[in-house]
There are 2 protein chains.
Amino acid sequence: MTSRSRAEGASRPAAGALSRREQILREASRLFAERGFHGVGVDEIGAAVGISGPALYRHFAGKDAMLAELLVGISSRLREGGEARAARARASGQGAEAALDALIAGHIEFALTDRALITLHDRELDRLPDADRRRVRQLQRQYVELWVEVVREAHPALPDPQARAAVHAVFGLLNSTPRLSRPHTLPDRPTTAALLHRLARGAFASAAGGGGGRG
Amino acid sequence: MTSRSRAEGASRPAAGALSRREQILREASRLFAERGFHGVGVDEIGAAVGISGPALYRHFAGKDAMLAELLVGISSRLREGGEARAARARASGQGAEAALDALIAGHIEFALTDRALITLHDRELDRLPDADRRRVRQLQRQYVELWVEVVREAHPALPDPQARAAVHAVFGLLNSTPRLSRPHTLPDRPTTAALLHRLARGAFASAAGGGGGRG
DNA sequence: CGGCCAGGTTAACGCTCGCTAACCCGCCGT
DNA sequence: ACGGCGGGTTAGCGAGCGTTAACCTGGCCG
């Protein structure tokens, strides 16, 4: 049990490595995504980083606080990344369609990289204490709002409520990736990213009724 | 507490009403969808149908059994409904596109009607005991397989792994509906159904790279 | 050199949960 | 008339949970 752990001293994370705190967050997100927030015990999270149970409380106020930090983190990264990409695309003067492409590409990037977090993000939100949940919801709302604006600009024929619903639906589409990541036959990452991009763009394109079906 | 309950006797459900067992399943699915399987206690489920805690064990072997029955139920209804619709569309001789439309319409029907179940279906599967989980996964796999066949026939340019990924992604799209059903501004049901249908069809249509983006 | 503190340890508490036990009662068939 | 039983009740057990307490230790700073 207490085999090799004590080596290395307790210095800082040595350049590329993760701090204890980051290790914990990473493992916690993996476990929460796999078995659900309530399905994972603190002892398990501790064990996953080589320490045991209550030692986690040296780094976090509690189990809730870990989930809160994960969800607030990804929500703000999504929003900030989205704002930045949309702004950049717009600055280059290519119009709303390019901005929408940038949003889609950014979201796919997130979804394929931080798969566990994307799962948590729309699955365990209700397990947060009120204050954190409100914060996360606010960030999510802003992110959705950003998308809705761009979508409406790119597809002016689409009424607002339907644009909103379409955005949520496309999130569902893009966020489905984590679930099919099992050892199943799944194309490699660039192929998957390109496919998801086409699917999302095609969905928006035919949302307004313009077609996209039939051959 | 023991106010009005004892009226009505214990006869059968009186024509249109639900049996106790069905009441329990309905409330359990709602609660599980709202707060997660582990987040709901048996006392709560009992209270939701007007009986208390352990009385549930007169109807089910345990909490697991309720979830199992819910998930097996919806998985088989999805599969059977899908097979039937696809077969009917094909029998009418309209080809694979009509069959795909029928599958999409059927799934939307399910998603908009049994919202809680659709949520559970791709969220709480891992909480099942092994035997039930295998059964549910088998049904899901068959349902996916049915879609993949129809999609490949409707869009022959799409390679198999990508068709498979596209099907999963479109499930994510269609199943996203439950989450936006809050008191938010959401179009009425026929509008939502039509929108989802267009989104799904548009996604498949541009999956093969044929376009669907741009205006 | 010595004390502090970051970051671990194990023990234990209290609560909640799923489930069982023991009991009860009103309906229905004989 | 009455026994069985379907379907309820409350009490309570045992396990597992998140969390706290009490203690230990090795490196760094004055």
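None of the figures in this text is laboratory data; all of them are computed from the coordinates on show. These numbers were taken from a predicted model, which means no experiment stands behind them. All Cβ positions, glycine included, derive from the backbone under ideal geometry; neighbour counts span all protein chains shown.
Values as computed for the structure displayed
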| quantity | calculated |
| --- | --- |
| Relative contact order (%) - criterion: Cα under 8 Å, at least six apart; region: chain A | 19 |
| Histogram of C-alpha separations across the stretch A:64-120, 10 Å bin width, % | 24, 44, 23, 8, 1 |
| Degrees separating the helix A:160-175 axis from the principal Cα axis of chain A, which is the longest one | 50 |
| Rounded to 10°, Cα long-axis angle of helix A:189-207 versus longest principal axis of chain A | 40 |
| Residue (of A:Pro161, B:Met66, B:Phe110) at the positive-pole extreme of the protein assembly as shown, dipole from beta-carbon charges | B:Met66 |
| Per residue convex hull volume, Cα atoms of the stretch B:62-159, in Å³ | 93 |
| Expected 222 nm ellipticity per residue - DSSP helices of 4 or more, -39500 (n - 2.57), all of the protein assembly as shown, to 500 | -21500 deg cm²/dmol |
| Inter-centroid distance (Cα atoms) of the stretch B:80-149 relative to the stretch A:75-115, Å | 33 |
| Residue order, fewest to most beta carbons within 10 Å, for B:Asp126, B:Asp64 | B:Asp126, B:Asp64 |
| Cβ charges +1 (Lys, Arg) and -1 (Asp, Glu), total dipole of the protein assembly as shown, debye | 240 |
| Sequence of A:Phe204, A:Phe37 once ranked by neighbouring C-beta atoms within 10 Å, starting from the fewest | A:Phe37, A:Phe204 |
| Theoretical FRET efficiency, 1/(1+(r/R0)^6), r = Cβ-Cβ of B:Glu80 and B:Ala47, R0 51 Å, to 0.05 | 0.95 |
| For B:Glu145, label point 7 Å along C-beta direction: distances to other copies, nm | 4.8 |
| Range of Cα positions in the protein assembly as shown per principal axis (Å), largest first | 71, 57, 38 |
| Rounded tilt (10° steps) of A:96-113 against the dominant C-alpha axis of chain A | 30 |
| Cα-centre dipole for the stretch A:29-95 with unit charges at Cβ (Lys and Arg positive, Asp and Glu negative), debye to 20 | 360 |
| Label-point separation in nm, A:Asp130 to B:Ala194, each point 7 Å along Cα→Cβ | 4.2 |
| Per-copy distances of the B:Arg20 label point, shortest first, in nm (7 angstrom along Cα→Cβ) | 5.4 |
| Rg and Dmax of the stretch A:107-196, Cα atoms only, in Å | 14.9, 41 |
| Compactness relative to 2.2 N^0.38 Å, alpha carbon Rg of chain B | 1.18 |
| Calculated SAXS-style log₁₀ I(q)/I(0) at q = 0.14, 0.16, 0.20, 0.21 Å⁻¹ - the stretch A:8-120, Debye, Cα scatterers | -0.68, -0.80, -1.03, -1.08 |
| Estimated dipole of the stretch A:59-215 in Debye, rounded to 20 [Cβ of Lys and Arg +1, of Asp and Glu -1, Cα centre] | 260 |
| Which of B:Gly209, A:Leu180, B:Gly53, positive extreme of dipole for the protein assembly as shown (C-beta unit charges) | B:Gly53 |
